[in-house]
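Comments concern the structure below.
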């Protein structure tokens with residue numbers, strides 16, 4: 001069987017032996033009754049990391065985002081987000097489907113919009129004939145922009161605008177761990193400016209399943225009910241919650257290795273004249289780049305033939321995501337494959 005270097009996503013990681021061991025040994029109980037000690041410890045520890053009163057374990061990042069938006073809004077409300085935000089592009093129309101809300105889209109630069117850009121999108125409270133602006137959502141890091149980091153000073157300015165207009169703030173922090181490691185800003189410093197936070201355990205941190213949402217105790221009480229309504233109430237969930245707890249305790253600091261490998265790969269892409277990459281976007285573990293003289297389909301097929309799996313990024317582009325299952329040796333090999341395919 002052919003062995004591939006798989007850079008399609010950081011969601012394809014496998015649990016390590018140490019992680020499997022804690023899963024096997026996990027103490028469990030019925031989490032719908034809040035009697036699973038491992039899930040309870042995961043939620044307590046995650047809330048502490050995020051600087052929030054409480055947290056809740058959910059099955060996925062999409063579920064996490066959609067529970068948060070549901071709790072913060074009423075049908076007919078509007079959420080302001082960047083035009084390429086995950087909640088708009090990749091969550092199956094769930095805001096409209098599950099909560100009866102719509103998106104107000106703002107075009108940022110490399111996934112980052114400013115308070116000044118947002119101001120015109122805040123609808124007047126007196127305009128009963130318009131949707132009600134209720135939430136400003138920020139994705140950090142920004143997936144479709146190439147893993148870019150929303151600067152903390154920009155977040156502070158947007159938070160001030162939200163307070164002026166009595167709006168909630170939601171953080172899609174699927175890869176907030178990457179943003180923290182790359183920027184040196186603590187996760188709880190990012191999270192303090194948001195009413196709700198959703199963050200993944202199953203991407204760069206390497207757990208097989210699950211996300212965390214966090215906020216005030218009252219917020220999580222409401223979120224617990226919505227999770228049940230969406231079919232997310234699980235029973236002896238400690239078996240998988242233990243993997244998330246292990247990931248939080250052991251796999252955050254190592255993300256710097258992924259960023260280093262991504263820069264290695266980006267440097268190779270940047271020197272190849274037949275490839276195009278915006279090096280300003282190379283900030284964490286995601287690379288978005290294009291082949292100048294080859295169709296996307298051909299480019300993906302030729303790299304696959306050589307043993308390198310890439311995915312489709314934004315329109316016409318390729319996407320490579322470094323993760324914990326890719327070694328430095330494999331990264332070097334991936335660089336050589338790109339040189340072989342695109343260097344002629």
Item to check | Conditions (1) closer than 15 Å to residue 94 by Cα; (2) surrounded by fewer than 22 Cβ atoms within 10 Å (Cβ to Cβ); (3) in contact with a strand residue (DSSP E or B) (Cβ under 9 Å, 6 or more places away or on another chain); number of the one not met by residue 75 | outcome: (3)
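Looking at segment 142-150, is at least one residue under 15 Å from residue 73 (Cβ atoms) and without any contact (Cβ under 8 Å) to a residue 60 or more places away in the chain?
no
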Next on the checklist: Here is a check on your reading of the model: is residue 135 touching a strand residue (DSSP E or B) at 6+ places or on another chain (Cβ under 9 Å), in a strand (DSSP E or B) and under 30 Å from residue 6 (Cβ atoms)?
Outcome noted: no
Checklist entry - What number of residues in segment 295-331 are in a loop (DSSP other than H, G, I, E, B) and free of Cβ contacts under 8 Å to residues at least 60 places away in the same chain? => result 5
Next on the checklist: Of everything in segment 160-195, what is in a helix (DSSP H, G or I) and either farther than 29 Å from residue 322 by Cα or outside the structural domain of residue 216 (by TED's automatic domain parsing) (or both)? Give them in sequence order.
Outcome noted: 160, 161, 162, 163, 164
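Being exposed (fewer than 15 other Cβ atoms within 10 Å of the Cβ), within 30 Å of residue 187 (Cα to Cα) and at pLDDT 95 or above is the requirement here; does residue 242 meet it?
So residue 242 does not fit the description; no.
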Checklist entry - How many residues are farther than 16 Å from residue 332 by Cα and in contact with a helix residue (DSSP H, G or I) (Cβ under 6 Å, 6 or more places away or on another chain) if we restrict to segment 284-317? => result 5
Next on the checklist: Can you report the number of residues in segment 152-201 which are free of Cβ contacts under 8 Å to residues at least 60 places away in the same chain and within 13 Å of the chain's Cα centre (by Cα)?
Outcome noted: 4
Checklist outcome for this item: Condition set over 19 Å from the mean Cα position of the chain (by Cα) and surrounded by 19 or more Cβ atoms within 10 Å (Cβ to Cβ), scope segment 273-286, selection farthest from residue 343 (Cα to Cα): answer is 277
Item to check | Qualifying residues in segment 236-283 (those that are in contact (Cβ under 8 Å) with a residue 40 or more places away in the chain, touching a strand residue (DSSP E or B) at 6+ places or on another chain (Cβ under 8 Å) and not assigned by TED's automatic domain parsing to the domain that holds residue 145) - the one farthest from residue 19 (Cα to Cα) | outcome: 274
Checklist entry - Do we find a residue being in a loop (DSSP other than H, G, I, E, B), over 17 Å from residue 8 (Cβ atoms) and either modelled with pLDDT under 95 or not assigned by TED's automatic domain parsing to the domain that holds residue 265 (or both) anywhere in segment 332-344? => result yes
Next on the checklist: Can you report the number of residues in segment 115-132 which are out of contact with any strand residue (DSSP E or B) (no Cβ under 8 Å at 6 or more places or on another chain) and not in a loop (DSSP other than H, G, I, E, B)?
Outcome noted: 4
Checklist entry - Since residue 162 meets every condition but one in (1) surrounded by fewer than 24 Cβ atoms within 10 Å (Cβ to Cβ); (2) more than 16 Å from residue 79 (Cβ to Cβ); (3) touching a strand residue (DSSP E or B) at 6+ places or on another chain (Cβ under 6 Å), which condition does it not meet? => result (2)
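The values are calculated or read from the model by the stated rules, or taken from the named source; none is laboratory data. Values in this document were obtained by computation on a predicted structure and should not be read as measured data. Cβ sites come from the backbone with ideal geometry, for glycine too, and all protein chains shown count toward neighbours.
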